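Working notes, structure below.
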Amino acid sequence: MSGAPGGASLLADALAKGMRTTTEDGTIRLVARDAGVTDIGSLERDEQIGEVDIGINSLPHLRWVTAFPKMTALAAFACNLESCAGVENARALERLSLQSNRIGSASPVARLRSLRHLRLDDNAITDIAPLASLANLRRLDVSGNGLTTLRGLRLPRLETLRAARNRLSALGDACGCAALEELDLSSNPLTTLAGIRGCRSLESLSLSDCGLVDGTLESLGRLPALTELLLADNSLTSAALPRVTKASTRLVVLDLSNNSLEEDEEAAAADAEAEAAAAGARVDAAAARAAARSGPAASLLPALAPLSLLAELAWREQ
């Protein structure tokens, strides 16, 4: 291994000194997190390395991944990366964590056909269409980027999609992800929910802080598998409750905290109870009123079977 040029701390040295453990499949896991790395150095080819965690460093590139041809997991989060070019050569990767960098393009990742879990949250990505080639992907997090559309994202095995904190106004092609069970679109300026209709396997849906009004929910449709619906921090009134309760008869958690529901909490809870009963479920009105008085923390309470309405009603104390 070469010495560090100009006093730079080398990745090669950090990995040599880092923690080494043997995984269940007999490969080696290397951890050199927060080691002050600023350059790469000379890495020897090692087919025993299965996992590498080098998060919280400062890496100039990812072209060094060719040294570990059998690597199935790479964590290079918060590494000041502006590009993920080079990672496409790590063809055995199944798990890749590149969150909290400054990456502008996801294109290099598109060649990693074995990927199952991918984190690209908190980067500068504006287009995820290239990821449509990742047919084996199960979990994808692209939250905190600059996405305006999910167009082109049709992943038949995707189960979890997190796309919070972007600039999405519509869902786009995510309805083409037939196996999707968890969808987080919170903190996006959504104007329609029409694309969600096709997500028939969806169990958890987060639409908190999306600027939703009553009319927006008309495009929601029925989601037969849905058990958790998070609608906190929007501009919904009690007029939206019929649409909400008709979305699914299997709801266990419904969070309506920080909305503009009726000032009369008794009336709002009664309306919700009636609508839920018509849909085959039941709202615990007492629990709804208790949740209303508990403030924003109500959204963290465990669900009350079969359905708990967690709502912070906009009522004024007399």
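For segment 1-95, list the strands (runs of 3 or more DSSP E) that sit wholly inside it and hold at least 1 residues that are surrounded by fewer than 18 Cβ atoms within 10 Å (Cβ to Cβ); which are they?
Counting at least 1 such residues, we get 19-22, 28-31.
Of the residues that sit in segment 206-250 and are closer than 17 Å to E182 by Cα, touching a Lys or Arg at 6+ places or on another chain (Cβ under 9 Å) and of a type in the set (G, A, S), which one is modelled with the lowest pLDDT?
Ranking the candidates gives G221 first.
So in segment 103-132, with the set limited to residues that are under 25 Å from S204 (Cα atoms) and not in a loop (DSSP other than H, G, I, E, B), which one is nearest to the chain's Cα centre (by Cα)?
R119
Could you figure out which of (1) at pLDDT below 95; (2) surrounded by 21 or more Cβ atoms within 10 Å (Cβ to Cβ) isn't true of L134?
Only one criterion in (1) at pLDDT below 95; (2) surrounded by 21 or more Cβ atoms within 10 Å (Cβ to Cβ) is unmet by L134, namely (1).
Answer yes or no as to whether G50 is in the same structural domain as L96 (by the TED database) and either in contact (Cβ under 8 Å) with a residue 40 or more places away in the chain or at positive phi (or both).
no
What number goes with the only condition from (1) more than 19 Å from the chain's Cα centre (by Cα); (2) of a type in the set (S, T, N, Q); (3) assigned to a loop (DSSP other than H, G, I, E, B) that T216 does not pass?
(3)
Could you list all residues from segment 224-246 that are farther than 20 Å from R165 by Cβ and crowded, with 22+ Cβ neighbours inside 10 Å?
Passing the criteria: L226, L236, S238, A240, L241, V244, T245.
The values are calculated or read from the model by the stated rules, or taken from the named source; none is laboratory data. Predicted, not measured: the structure shown is a model, and the values here were computed from it. Virtual Cβ from ideal backbone geometry, glycine too; neighbours counted across all protein chains shown.
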